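What follows draws every value from the coordinates through simple rules; no lab data is involved. Small disclaimer: the values here were computed from a predicted structure and weren't measured. All Cβ positions, even for glycine, are placed from backbone atoms using ideal geometry, and neighbour counts span all protein chains on display.
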Amino acid sequence: MASEAQNPESTVKQNGTRRYPSIDFLRGIAIFMMLLLHIISGTLDVDYYIDRISDIPLINIYALIVLPFLGGLAGLFLMTSAIGNMVSMVRNYEKGHTRSSILQKSLVVGFLVVVFAYLSEGLLGYHGSLGEVFKHLDDLSEAELDIWRYRGYHFETLHTIGWALILNGITHTLITMKYDVDKDRDKIIRVYWILAIIVVSLTGLIWTTVSQLIPGYPFAINPVTDVEVYTPYIGISPWSDFILYFFLNPLAAHIEPMFPYLATSYIGSNIGLQITRRGDDFSKGFMRSYFRLGLVAFIVGFIGVVVVLINLLNNTDLDTMLGQYRIISFHRSWTAEQGTPGGWLFQYLTLNGVAVMLVMLSFRLAEYRGPTAYFARMTSFVRRFGFLGLTVYTIQFVTWTVWFLVSISLGQSAYTLQRWWGTGIILVLTILANHLILRLWERKGYLGSMEWMISTIANTLLRIKKQNSLDNTKVEKWYQRGVMNVEDVFYHPTWISFPVENGERRLANDLRLTKYLAIAGIFFFPLSFLALMMLRSIGKQNEGVDYGNAKLLTYVSFLFTIGLLAVFFTFSLSSFGIAL
């Protein structure tokens, strides 16, 4: 039997709850980036900068390129959720839970997430009826309060996550009817890869079939309801439409449909199977293989996206091309019907290739390097957003409130689009407001949050009972079933790490990673700062370390980044005689 030191889940015991800090961090960074990008895209006067694109500092152009791309990384949250879901299923399997009970949990939780996705989009969320109130604080008569009657069918990331939980639960149950999780893990992983390829391969056919069934789907406007055809209207549309589009939208919706995003979920399931390997069966080499796969997908996809955009520019104009790039996160918008034939595949590959690389990089910086409590502590600010991800997504009307207050404080009309400095104020205040809300809320275990509602209902339906953490002799009350034990789950769980080499081999691996980050930082400058942080970390952990050329590469990359930023903030396209 493998020793405890060989177990990828071995670490210093802190509490009973075992958690991977990378999964928590990735979930948090996905929500945090979503919040940042929604604030910027909602409050920044982008057209002001595009109209002056030749004369504005180059840093603006860099931001206008990078930010929409980052906005398309919704698959990162889906992939992270799938990893966590697979880890949960494997642990339940190891605890002796039956296959049917594991499936039952996936179906119940998945269905509840879908239900709350409808509530979030239509009623409670920042684009729902409640959001309309906060979006029109200056004149409530302008608020579309009955938006709840149709917008719940606006298929977004929450819907995708819910359906992925359902379909992953079914998929895993069917696979484990033939293969054993422990004995046949490589075969299970192979099946998931095959299924992911099949999903991507069928995407075009599925989309075309749905569009033929519903002409103009998903962009056409229903002349009866005067809203998109995929959003049936309560009180106007026939009841059959609500059933029809409940099942059609997951297949081919325009934001993040299950085709091809079920493939992203399957890839996340594979990663979850890899990190829960035990003993000698565990291999750190999977991180290198998956990272390379993500890199290839990113490069191929990026080249394809560039070619598609150039072709669009040749056939239209610059404004059309820039407008298309700005909606890179709208997955159904990259089709022949929208002027970008074949674009969806390249768009999917480049965005999800980055997601895979980010997941692997996070594991490499945390679990791969041994004890992970330090990483968890350093990332606690970001991780907090992920613990209440569904709720943070829903209560983005905090942004509308801050935007309203900032604009009128500056003597502007309410909700005036801002220049960068104004958007920066809104961004900082919104992040601080959300952080304060989360810090105060955690004292009550996030009682009343969407996560609490889903957990409470699921625990009731599945008849899961817990003892009151304050008194083990008392049976919890119904509203305590979904309360999170923040101390054990967020602050002091058992942080999991992978088995790692010590001494010179570990040092050599860390120095190699630092050099890779420094080189990559030449093309994407934030990585230069990460390389510098890595170098300092190595110096603190190793006295008299021989850095080799890692230090030289890191400093060159860092200085290059500083110089490049100085150029970007100083010069414009017109400074080089370029006019667009």
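Some observations on this one:
- Neighbour-limited loop hits for trypsin sites (Lys or Arg not before Pro), the stretch 163-263 (at most 16 other Cβ within 10 Å; DSSP other than H, G, I, E, B): 178, 183
- Residues 491, 479, ranked from the fewest to the most other C-beta atoms within 10 Å, line up as 479, 491.
- The Cα atoms of the chain give a gyration tensor whose axes a ≥ b ≥ c have a/c under 1.5, which makes the shape rounded.
- Shape class of the stretch 504-576 from the alpha-carbon gyration tensor: prolate, with a/c at 1.5 or above and a/b greater than b/c.
- Since only 198, 435, 499 are under comparison, the one whose Cα sits farthest along the positive direction of the charge dipole of the chain, derived from C-beta charges on Lys, Arg, Asp and Glu, is 499.
- If you plug the beta carbon distance of residue 280 and residue 98 into 1/(1 + (r/R0)^6) with R0 = 25 Å, you get a FRET efficiency near 0.35.
- Amide hydrogen neighbours beyond the local backbone of residue 44, cut-off 5 Å, H modeled: 418
- Extension gain from residue 187 to residue 537, taking 0.36 nm per residue of separation minus the Cα-Cα distance: 122.1 nm
- Backbone HN-Hα couplings from phi across the stretch 278-289 [Karplus 6.51/-1.76/1.60, Hz, Gly and Pro as x]: 10, x, 5, 6, 7, 9, 6, x, 4, 5, 5, 5
- The protection proxy used here, the mean number of other Cβ atoms lying within 10 Å of each residue, ranks peptides 293-301, 261-269 as follows, highest first: 261-269, 293-301.
- Across the options 528, 576, 509, the greatest Cα extent toward the positive end of the charge dipole of the stretch 504-576 (unit charges at beta carbon of Lys, Arg, Asp, Glu) belongs to 509.
- 3J(HN,Hα) from dihedral phi, the stretch 534-540, Karplus parametrisation 6.51/-1.76/1.60, rounded to Hz, x for glycine, proline: 5, 4, 5, 5, 4, x, 5
- Which of 122, 176, 553, positive extreme of dipole for the chain (C-beta unit charges): 176
- Restricting the trypsin sites (Lys or Arg not before Pro) of the stretch 27-95 to loop positions (DSSP other than H, G, I, E, B) with no more than 11 neighbouring Cβ atoms within 10 Å leaves 95.
- Burial ranking of peptide ranges 443-449, 221-227 (average Cβ count within 10 Å, highest at the top): 443-449, 221-227
- Charging the Cβ of each Asp and Glu at -1 and of each Lys and Arg at +1, and nothing else, the dipole of the stretch 504-576 about its Cα centre rounds to 100 debye.
- Computed extension length for residue 401-residue 485: 27.2 nm, one decimal, from 0.36 nm per residue of separation with the Cα-Cα distance subtracted.
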